[in-house]
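First the structure, in the form of structure tokens, and then the observations on it.
Values quoted throughout were computed directly from the atomic coordinates according to the rules given, and no laboratory measurement underlies them. Keep in mind the model is a prediction, meaning the values are calculated, not measured. Positions of Cβ are generated from backbone atoms using ideal geometry, with glycine treated the same way; all protein chains shown enter the neighbour counts.
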Amino acid sequence: MARVPVIAGNWKMYKTQQEAIELLMKLMEMNETVSDREIVVCPPFPFLGLAHQAVSHSNIKLGAQNCYFEKEGAYTGEVSVSMLKSVKCSHVIIGHSERRQFFGETDESVNKKIKAALAEGLTPIVCIGETLAEREEGRMMQVIKTQVEGGFSGLHKEEMQKLIIAYEPIWAIGTGKTATPEQAEEVHAYIRKLLADGWYGETSESIRILYGGSVKPENIDDLMEKLNIDGALVGGASLKAESFTRIIQFQAKKGSN
Ligand code: 13P
């Protein structure tokens, strides 16, 4: 089953408002003819409203980097899914390893956030991935399995089809140390098999699984040739129009290596 590739940029906590708009303007200009893949940018919360105005007539979709699962209430500092919807976000990153590491995100909160996002029609980009120690101790697959089972608990097939998974090995994030295409493919294939064997059967074939962790213009083509790699979640290299554009415009023959 052909899965439409997704290239998503996670800007993390970088850029001022002016820099954000300048970057979006350049990205729109450089990618206006791209139509066979989805482009998503995830700027920090304060820039989302203005960012929407900038990209609203383009092929660039807007995502947030986090959300809260309650609809509204006395939750100082949190942002609800309906707020994101009101500034025309279509995507939201959930469970990024930095949120798990620094802000106490758990598989349980990830699960609630996914359900809240889906209920409002937003597409969750759900991050999972192992630490270096977990990989070296041979616990990688178990960690992935726990995150998948906990994060996606109780979701129906139709809901799973609407979300995007991002496999981001923590040791590859911001380190310049990319997983090789073979290492990434091994885990992507495992995630798809977990979903198929567990409860989603053939639905797993239509779920997009992105790779994230030091994706650069130099490695995107090789990564995208792998059968189960359906796109990328890009941090550092999404902060510059030239490098992100090269990643968006990857060239790959699926399954040729
Ligand atoms: P880098 O591309 O900077 O390694 O970040 C990856 C990431 O965390 C994307 O969400």
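Worth pointing out:
- Each of Ile125, Gln147, Ser109 was scored by the projection of its Cα onto the charge dipole of the stretch 107-230, and the greatest displacement toward the positive side belongs to Ser109; charges sit on the C-beta of Lys, Arg, Asp and Glu.
- For the chain, size of Cβ-based charge dipole, Lys and Arg +1, Asp and Glu -1, in debye: 360
- Size-normalised alpha-carbon gyration radius of the chain, reference 2.2 N^0.38 Å: 0.94
- Helical mean residue ellipticity (222 nm; -39500 (n - 2.57) per DSSP H run of 4+; nearest 500) of the chain: -10500 deg cm²/dmol
- Separation of alpha-carbon centers, the stretch 96-111 and the stretch 158-196, rounded to whole Å: 17
- Fewest-first sequence of Met160, Met13, Met30 by Cβ atoms within 10 Å of each Cβ: Met13, Met30, Met160
- When Thr33, Thr146, Thr203 are sorted by how many other C-beta atoms sit within 10 angstrom of their C-beta, beginning with the fewest, the order is Thr33, Thr146, Thr203.
- Among Tyr167, Tyr75, sorting on how many other beta-carbon atoms sit within 10 Å of each Cβ, with the fewest leading, yields Tyr75, Tyr167.
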